[in-house]
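Peer 1: Got a structure for you, written out below as structure tokens; questions coming shortly.
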Amino acid sequence: MAGERVVQVIATRVAMDQFVDTVEALGTTKANESVVLTATTTDKVSVINFNDGMIVKKGTVLATLVTEEEEADLREARANFDEQERELKRIRGLVEAKTLATARLDAQKTLYEKSLAQLQIAQARIRDRQIIAPFDGKLGIRQISVGALVTPGTVITTIDDLSVIKVDFTVPESFLAALKEGQTIEARSAAYDRLFTGRVATVDTRVNPVSRAVMVRAEIPNDEMLLRPGMLLTIDLIRNRGQSIMIPEESIINYEDRKYVFVVQSDNTVSRRQIETGRRRPGAVEVQAGLEIGELIVSEGLLKIQDGTRVSLKTDEPVTASGTAGGE
């Protein structure tokens, strides 16, 4: 119709989009395994076999205290053990040949077992003067020097297994039913512009009666060694991931307890339609009923239109050309 008012609006095509339902929390990182290595006896440091930040294997001897006296005791114990072992073999042969009483064999077994115990004690005393890596990991800063006198509890260094990073965080008890082991998490750190993906390893068996929250522990693979113990991470616990009809939040009109959108018809007029909405995310709302995939809805210019208004569309999607010419 000549002179009919046409309003220019921006339209959005209704489409399926991925909706990820998350619970956000804050967590502090921990090493998979972490130990402060200390001396267990008093003596001077004689050898240091490591540098700051070195990656070592389980069983590596990192430092040794003075062991001259212990090594002498070990040599004596080993010599005595070898002697008692030879004597045991000799007496056992004589007893088998029935040229010696069985009681003599029993007595020699006792002497052999005592010598074995003395040898093991001497070996243990040597180990007490060695600082040994208890697992594969990365060492911290060296706290001692050769010649330093250490006592039980003196810190030698730290060792952390950083191949996997653990992160503990709390989740309100209202989400308890949605928690399960193996659930995916996404973590962000202020130090890196990237996401770290992991999985829930354990959900605590108790709810804190004061905070009404449950402790959750997740594990994040750390192959690049970017994460360190003690870092603060923002955790997104992914409860549900799926496809839903999502529309821009600004395209919805709220009236009383109902929600509406303006749908663009084939003749470029708009029709107000009631919809049912569901979950939300920043800038978008899930539509559970009232819209079909492929329909066009007005996302900007809502205040200038009403039911039946003819519109001129601004959209990247191809639309029917009829009725779009002209202006206000």
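Coordinate-derived values only; no laboratory data. Please read these numbers as outputs of a predicted model, since none were measured by experiment. Please note: Cβ atoms are built from the backbone with ideal geometry, for glycine as well, and neighbour counts cover all protein chains shown.
Peer 1: Can you work out ³J(HN,Hα) from phi for every residue in the range 212-219, in order, using Karplus 6.51 cos²θ - 1.76 cosθ + 1.60 and θ = phi - 60°, giving whole Hz and x for Gly and Pro?
Peer 2: 6, 10, 10, 7, 10, 10, 10, 10
Peer 1: For the chain, build the charge dipole from Cβ charges (+1 Lys, Arg; -1 Asp, Glu) around the Cα centre, then report which of 269, 110, 175 sits farthest towards its positive end.
Peer 2: Going by the Cα projections, it comes out as 110.
Peer 1: Moving to a separate point now. Which order, highest average first, do 91-101, 27-37, 299-309 follow once you tally other Cβ atoms within 10 Å for each residue and take the mean per peptide? Mind dumping the intermediate values first?
Peer 2: On the way: 91-101: 12.5, 27-37: 17.4, 299-309: 15.0.
Those peptides, ordered most packed to least, come out 27-37, 299-309, 91-101.
Peer 1: Is the range 202-250 rounded, prolate or oblate when judged by the Cα gyration tensor, a ≥ b ≥ c being the square roots of its eigenvalues, rounded requiring a/c under 1.5 and prolate requiring a/b larger than b/c? Intermediate results must be reported in sequence, preceding the final value.
Peer 2: Working: a/c = 2.28, a/b = 1.25, b/c = 1.82.
The shape class here is oblate.
Peer 1: Using Cα springs under 10 Å in a Gaussian network model of the chain, which residue among 129, 75, 228 shows the largest mean-square fluctuation?
Peer 2: 75
Peer 1: Taking amide H positions as placed 1.01 Å from N in the peptide plane, with prolines and chain starts having none, which residues 5 or more places from residue 38, or on another chain, fall under 5 Å of its amide H?
Peer 2: Those lying under 5 Å, H to H, from residue 38 are 156.
Peer 1: Quick check: from the Cα gyration tensor, does the range 96-194 come out rounded (a/c under 1.5), prolate or oblate? Walk me through the numbers on the way to the answer.
Peer 2: Details: a/c = 4.62, a/b = 2.04, b/c = 2.26.
Oblate.
Peer 1: Using a Cα-Cα cut-off of under 17 Å, which lysines could be cross-linked to residue 89, ignoring same-chain neighbours fewer than 8 residues away?
Peer 2: Answer for residue 89, where 17 Å is the Cα cut-off: 98, 109, 114, listed by chain and number.
Peer 1: Which of 137, 182, 283 moves the most in a Gaussian network model of the chain with Cα springs under 10 Å?
Peer 2: The residue with the greatest mean-square fluctuation here is 283.
Peer 1: Once you have a ≥ b ≥ c as the square roots of the Cα gyration tensor eigenvalues for the range 1-127, tell me rounded if a/c is under 1.5, and otherwise prolate or oblate according to whether a/b is larger than b/c. Don't skip to the answer; put the middle values down first.
Peer 2: Working: a/c = 7.01, a/b = 3.15, b/c = 2.22.
Because a/c hits 1.5 or more and a/b exceeds b/c, the range 1-127 counts as prolate.
Peer 1: Sticking with this one: Excluding residues on the same chain fewer than 8 positions from residue 166, give the aspartates and glutamates whose Cα lies under 18 Å from its Cα.
Peer 2: Within the straight-line limit of under 18 Å, residue 166 reaches these aspartates and glutamates: 24, 33, 136, 181, 186, 204, 219, 223, 224, 236.
Peer 1: Projected area of the chain, taken from the Cα convex hull and averaged over every viewing direction, in nm²? Can you show the working numbers first?
Peer 2: Working: hull surface 124.9 nm².
Answer in nm², one decimal: 31.2.
Peer 1: Let me ask you something else. Mind listing P(r) for the range 58-143? All alpha-carbon pairs, 10 Å bins, whole percents.
Peer 2: So the P(r) values, bin by bin, are 17, 29, 23, 17, 10, 4, 1.
Peer 1: Report the residue, chosen from 168, 43, 106, that carries the largest GNM mean-square fluctuation when the chain is represented by alpha-carbon nodes joined by springs under 10 Å.
Peer 2: Looking only at 168, 43, 106, the biggest GNM fluctuation is shown by 106.
Peer 1: Relative to the longest principal axis of the chain, what angle (0 to 90°, nearest 10) does the C-alpha long axis of helix 68-96 take?
Peer 2: For helix 68-96, the angle is close to 70 degrees.
Peer 1: May I ask for the Kirkwood hydrodynamic radius of the range 130-262, worked out over all distinct Cα pairs and given in angstroms to one decimal?
Peer 2: Working: mean 1/r = 0.0522 Å⁻¹.
Value: 19.2 Å, from the Cα pair sum.
Peer 1: Treat each spin label as a single point 7 Å out from the Cα along the C-beta direction, and report the residue 173 to residue 217 distance in nm.
Peer 2: 2.2
Peer 1: Return the subset of 259/314; 30/57; 30/138 for which the Cα-Cα distance in this structure is over 18 Å, preserving the input order.
Peer 2: Exceeds cut-off: 259/314; 30/57.
Peer 1: Using Cα centres only, tell me the gap between the range 161-209 and the range 5-79 in whole Å.
Peer 2: Cα centroid to Cα centroid, the span is 18 Å.
Peer 1: What FRET efficiency do you get for residue 86 and residue 124 if R0 is 35 Å and r is their Cβ-Cβ distance, rounded to the nearest 0.05?
Peer 2: Working: r = 24 Å, r/R0 = 0.69.
My answer for the efficiency is 0.90.
Peer 1: Is there a quick way to get the dipole size of the range 36-77? I mean about its Cα centre, with the Cβ of Lys and Arg at +1 and of Asp and Glu at -1; what is the value in debye to the nearest 20? Show your work: numbers first, answer last.
Peer 2: Details: 4 positive and 8 negative charges, 79 e Å.
It works out to roughly 380 debye.
Peer 1: Using each residue's phi in the range 149-165, evaluate 6.51 cos²θ - 1.76 cosθ + 1.60 at θ = phi - 60° and report the 3J(HN,Hα) Karplus result to the nearest Hz, with x for Gly and Pro.
Peer 2: Couplings: 8, 10, 10, x, x, 5, 6, 8, 6, 10, 9, 10, 8, 9, 5, 9, 9 Hz.
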